[in-house]
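The values are calculated or read from the model by the stated rules, or taken from the named source; none is laboratory data. Just so it is clear, the model here is predicted, and its values are computed rather than measured. Glycine gets a Cβ as well: all are built from the backbone with ideal geometry, and neighbour counts include every protein chain shown. For accessibility, only protein heavy atoms count, side chains too; no ligands or nucleic acids. Shrake-Rupley method; radii C 1.70, N 1.55, O 1.52, S 1.80 Å.
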Amino acid sequence: MTERRRMLLQGNEAVVEGALAAGMRFFAGYPITPSTEIAERCALRLPQVGGRFIQMEDELAGIAAVIGASVVGVKAMTATSGPGFSLMQENIGYAALAEIPCVIVDVQRAGPSTGLPTSPSQGDYMQARWGTHGDHPVIVISPSSVQEAYIETIRSFNLSERLRVPVILLMDEIIGHLYEGIELPDADEVEILDRLTKDDPRQAELPYDIVPGELAPRMTPFGQGVFYNITGLIHDDRGFPTSSPEIADRQCRRIMKKIDLNSGQIGRYEELYMEDAGVCVVSFGGAARSAQAAVEAAHRDGYRVGFFRPVTVWPFPEEAFYEICGRVSDVIVAELNYGQMKLEAERIAAGRCRVRHIGKVDGTILGPEEIYKEIQEAAG
Amino acid sequence: MAGRLIDKYMRGMYLPHKWCAGCGNGIILRDVIQAVDNLGLEKRDTIIVSGIGCSSRAVGYLDFDTIHTTHGRAIAFATGIKMARPDMKVIVLTGDGDAAAIGGNHLIHAARRNIDITVVVFNNNIYGMTGGQFSPTTPAGAYASTAPYGSIDPDFDIPALAKAAGATYTARGTAYHVLQTTKLIEAAILHEGFSVVECVSICPTYYGRRNRKGGAVEMMKWQRDNAVPVEQARKIPPAELEGKIVYGGLWRCERPEYTRQYEAIINSALPE
Ligand SMILES: Cc1ncc(C[n+]2csc(CCOP(=O)(O)OP(=O)(O)O)c2C)c(N)n1
């Protein structure tokens with residue numbers, strides 16, 4: 001069955017198709033530009049596959065309903081943009097601590113506050129990592145094309161289900177609203193991972209006990225007759241609240257380590273012309289399209305410039321980028337914000353190369369020529 | 001009898017509970033369990049959801065699938081659970097602040113949808129967990145730690161609010177009226193649609209002390225002497241009911257239930 005192999009889709013629509021392919025069967029959300037097409041397509045598509053859509057009264061409710069559906073074993077997603085993403089933060093932390101798989105799509109728009117409602121921005125980069133209070137694990141993935149939006153949505157579900165962490169698909173207005181032709185891979189070409197469940201009922205009664213050698217506890221959905229408690233309070237292996245410093249310490253470190261010890265598997269990035277580059281342009285999401293065009297043009301013109309594009313933006317692909325910083329003179333971070341990924345680049349560069357920055361906060365996109373000019377300066 | 005209920009429905013290893021001496025929540029929790037037992041609900045078909053607050057801590061003691069969520073969001077979590085598993089009974093245990101202040105929006109919208117969830121509000125007229133600030137059900141004129149001169153905020157009538165928003169079953173019970181309250185919770189669980197049972201609790205520690213209502217015994221006696229069955233209240237002029245608790249089944253009607261309507265959508269959207 002290959003009749004639907006190629007489709008012309010908008011980035012937002014590709015997210016929905018990817019989510020359905022990944023097994024998403026529940027969506028709850030509240031409309032906000034530039035993410036609304038995701039809710040609209042879910043409303044249309046979910047019942048066609050026996051899934052369910054609900055438009056909630058606000059984003060607080062959207063993420064709450066998503067976590068609720070996940071608790072009974074249904075893969076669930078919500079989508080929003082800046083103002084709504086801010087409202088979701090408390091329950092993103094809940095999902096991180098209670099270890100409930102869920103995917104949150106943030107199609108960024110220019111902020112702060114109501115900001116520039118339909119204009120592109122990447123101003124939520126730091127919020128995606130640290131938006132909710134307290135130390136918490138989270139994975140953030142930022143696609144740069146419609147094709148990648150499809151594939152990375154599937155990967156977001158896989159990571160969320162296997163590691164029991166909220167995964168944030170950090171889209172932006174550029175990719176969300178971009179139409180491109182994409183290839184839909186056949187079902188047997190894509191890996192779909194489901195959460196691991198506990199077969200042994202005695203073990204299931206300890207919902208946060210870990211099978212030796214695994215990073216995240218296996219999860220028995222509610223409704224199986226196991227009977228356990230889920231809470232956003234620090235809890236013991238039974239899921240019951242405790243204020244024991246030892247258990248609190250163990251729990252906090254364990255959930256952070258799910259990411260730390262697994263960053264190789266989670267990390268994904270793309271490199272171009274980096275073998276002999278003296279200058280490296282770093283960019284992600286929609287901005288990376290202009291950055292790549294600038295790098296390609298400069299490379300054609302004889303500049304020794306390469307390109308590094310994190311797809312997983314949190315955790316930042318640190319090892320690969322660390323190595324790059326040791327062999328280039330300059331790194332140029334090009335992003336649609338005041339300098340957020342730049343901070344992460346500076347941290348990893350640790351003074352070993354110069355970190356330049358082009359950031360835009362006026363609601364327009366970065367043009368390749370602006371980045372080209374910076375490449376010339378760095379190379380000159 | 002009580003021993004049997006504990007064994008059947010409670011997580012014995014976490015007892016005794018954390019509520020203050022004299023708190024009415026334990027009685028209301030027992031009413032909930034008794035109602036579940038009277039109806040013969042299967043534990044595996046029942047999910048119990050709570051928010052944050054003293055009352056919301058109830059779920060930890062219950063040997064069901066239980067989820068203690070975030071402040072105000074219990075009904076929104078419950079909505080996702082019910083949508084994803086419409087075959088399950090979903091019961092929300094919540095406080096007056098949890099349900100009607102921070103969670104008020106979810107309460108009215110779940111009522112509007114008429115989704116089949118039963119909400120039991122433990123109304124102690126105060127924010128217990130945080131130490132006695134006024135809540136949306138603290139009567140105007142009453143004292144609280146954030147109303148040291150007396151509250152000027154009028155209070156909500158939660159069942160009336162729920163009814164106005166579209167709930168298809170509403171009732172009010174009290175900590176004192178155990179048998180009646182149990183029956184009301186049973187009726188709410190049996191009702192297909194959004195049902196709200198406000199259970200007037202007592203909080204001698206914060207509300208009672210600040211408002212010179214005496215200890216637990218005096219507060220319970222006050223409930224006994226000032227609660228009016230709804231059938232009787234309907235014959236009394238409203239002015240005479242000022243400051244009284246009108247209890248009983250307050251409202252019931254039939255309206256299409258939300259998840260059933262969604263099933264119809266699925267059936268029409270599924271490819272032949
Ligand atoms: C977002 C948020 N705001 C505030 C709090 C602090 N808080 C915890 S419980 C509570 C009030 C609870 O009152 P109520 O719902 O009436 O329950 P009670 O404790 O009286 O049973 C507050 C304000 C919180 N946990 N989360």
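What is the local net charge at B:SER50, summed over the other residues whose Cβ is closer than 11 Å to its Cβ (Lys, Arg +1; Asp, Glu -1)?
With Lys, Arg at +1 and Asp, Glu at -1, the neighbours total +1.
Using the per-residue mean of other Cβ atoms lying within 10 Å as a proxy for protection, in what order, highest first, do the peptides B:129-140, B:255-266 fall?
B:129-140, B:255-266
Could you tell me the relative contact order of region B:49-93? Use alpha-carbon pairs under 8 Å, at least six residues apart, and round to a whole percent.
The normalised contact order for region B:49-93 reaches 44 percent.
Run the numbers on region B:2-269 and let me know its relative contact order in percent, using alpha-carbon pairs under 8 Å that are six or more apart.
On the way: 578 pairs, mean separation 49.6, N = 268.
Reported as a whole number, the value is 18 percent.
Please state the relative contact order of region A:5-189 as a whole percent: Cα pairs under 8 Å, 6+ residues apart?
30 percent
Hey, got the average number of other protein chain Cβ atoms within 10 angstrom for residues in B:105-111?
Per-residue shielding by partner chains comes out at 3.
Kindly write out, for region A:33-44 in residue order, the coupling ³J(HN,Hα) from the Karplus curve 6.51 cos²θ - 1.76 cosθ + 1.60 (θ = phi - 60°), rounded to whole Hz, with x marking Gly and Pro.
Running phi through 6.51 cos²θ - 1.76 cosθ + 1.60 with θ = phi - 60° gives 6, x, 10, 4, 4, 5, 4, 4, 6, 5, 4, 7 Hz.
Cβ under 9 Å from B:ASP116's Cβ, B:ASP116 left aside: what net charge do those residues give with Lys, Arg +1 and Asp, Glu -1? If you can, show how the numbers build up before the last one.
Values: positive: B:LYS82, B:LYS89, B:ARG260; negative: B:GLU192, B:GLU257.
Spelling it out: positives minus negatives among the neighbours equals +1.
Name all residues of region A:253-281 having a backbone nitrogen under 15 Å from the label point set 7 Å from the Cα of A:GLU323 along its Cα→Cβ direction, giving them as ranges.
A:264-265, A:267-277
Over what distance in Å are the Cα centres of region B:18-65 and region A:58-98 separated?
Region B:18-65 and region A:58-98 have Cα centres spaced 25 Å from each other.
Which of the lysines could a cross-linker bridge to A:LYS360, judged by Cα under 19 Å and excluding same-chain residues fewer than eight apart?
Those lysines meeting the cut-off are A:LYS342, A:LYS373.
Give me the angle, in degrees from 0 to 90, between the Cα long axis of helix B:25-39 and the longest principal axis of the Cα atoms of chain B, rounded to the nearest 10.
It is inclined by approximately 30 degrees.
If you average the alpha carbon positions of region B:153-231 and of region A:132-181, how far apart do those two centres end up, in angstrom?
A separation of 46 Å, based on Cα centres.
Work out the mean other chain Cβ neighbour count within 10 Å for the residues of A:42-54 and drop it here as an integer.
Details: counts 0, 1, 1, 1, 4, 9, 5, 4, 4, 4, 9, 3, 10.
Other-chain Cβ atoms within 10 Å of each residue's Cβ, averaged: 4.
Report, by chain and number, residues whose modeled amide H sits under 5 Å from the one on A:VAL355, excluding near sequence neighbours (fewer than 5 apart, same chain).
A:VAL331
Testing the spin-label approximation: label points 7 Å from Cα along Cα→Cβ at B:LEU179 and A:THR364. State their distance in nm.
With each label placed 7 Å out from Cα toward Cβ, I get 7.9 nm.
Report, in deg cm²/dmol and to the nearest 500, the calculated mean residue ellipticity at 222 nm for the protein assembly as shown, where each DSSP H run with n ≥ 4 adds -39500 (n - 2.57) and the sum is divided by the residue count.
Details: 24 runs with 245 residues, N = 652.
About -11000 deg cm²/dmol.
For the Cα atoms of chain B, what angle does the longest principal axis make with the long axis of helix B:178-190, in degrees from 0 to 90, nearest 10?
20 degrees
Need the list of aspartates and glutamates near B:LYS213 for cross-linking: C-alpha distance under 16 angstrom, and skip anything on the same chain fewer than eight residues off.
Answer for B:LYS213, where 16 Å is the Cα cut-off: B:ASP225, listed by chain and number.
Applying a 10 Å radius around every beta-carbon, put B:35-45, B:172-182 in order of their mean neighbour count, most first. Walk me through the numbers before you get to the answer.
Values: B:35-45: 15.6, B:172-182: 22.3.
The packing order, highest mean first, is B:172-182, B:35-45.
Any chance you could check the Cα centroid distance between region A:307-339 and region A:1-42 for me, in angstrom?
So the two Cα centres are separated by 29 Å.
Within chain A, which is the longest segment containing none of the trypsin sites (Lys or Arg not before Pro) that sit in a DSSP loop and have at most 12 other Cβ atoms within 10 Å?
It works out to A:6-380.
Taking only the C-alpha atoms, wrap a convex hull around chain B and report its volume per residue in Å³ as a whole number.
Dividing the Cα hull volume of chain B by its residue count gives 129 Å³.
Expressed as an acute angle from 0 to 90° and rounded to the nearest 10, what is the orientation of the C-alpha long axis of helix A:245-260 relative to the principal long axis of chain A?
For A:245-260 against chain A, the angle is about 50 degrees.
Which loop GluC sites (Glu not before Pro) in region A:162-269, with loop taken from DSSP, have no more than 14 other Cβ atoms within 10 angstrom of their Cβ?
Of the GluC sites (Glu not before Pro), the ones in loops of region A:162-269 whose Cβ has at most 14 other Cβ atoms within 10 Å are A:GLU191, A:GLU214.
Using a 1.4 Å probe, what is the accessible area per residue for chain A, in Å²?
37 Å²
If you roll a 1.4 Å probe over the protein assembly as shown with all protein chains in place, what percent of the accessible area is carbon or sulfur?
That share works out to 53 percent.
Whole number please: convex hull volume per residue of the Cα set in region A:5-189, in Å³?
97 Å³
Check B:TYR247: other-chain or 5+ apart residues with amide H under 5 Å from its amide H, H built from backbone geometry?
B:VAL228, B:VAL230
Using r as the Cβ-Cβ distance of A:ASP249 and A:LEU44, and R0 as 35 Å, what FRET efficiency do you calculate, to the nearest 0.05?
In this case the efficiency is close to 0.15.
For the protein assembly as shown, go through all pairs of different Cα atoms, get the mean of 1/r, take its inverse, and jot down that Kirkwood value in Å.
For the protein assembly as shown, inverting the mean 1/r across all distinct Cα pairs yields 26.4 Å.
What is the sum of charges, Lys and Arg at +1 and Asp and Glu at -1, for the other residues whose Cβ falls under 14 Å from the Cβ of B:LEU270? Can you show the working numbers first?
Values: positive: A:ARG25, A:ARG45, A:ARG52; negative: B:GLU263, B:GLU272.
Value of the local net charge: +1.
Could you run the numbers on buried accessible area between A and B, total for both chains, 1.4 angstrom probe, in Å² to the nearest 100?
Accessible area lost upon association: around 3400 Å².
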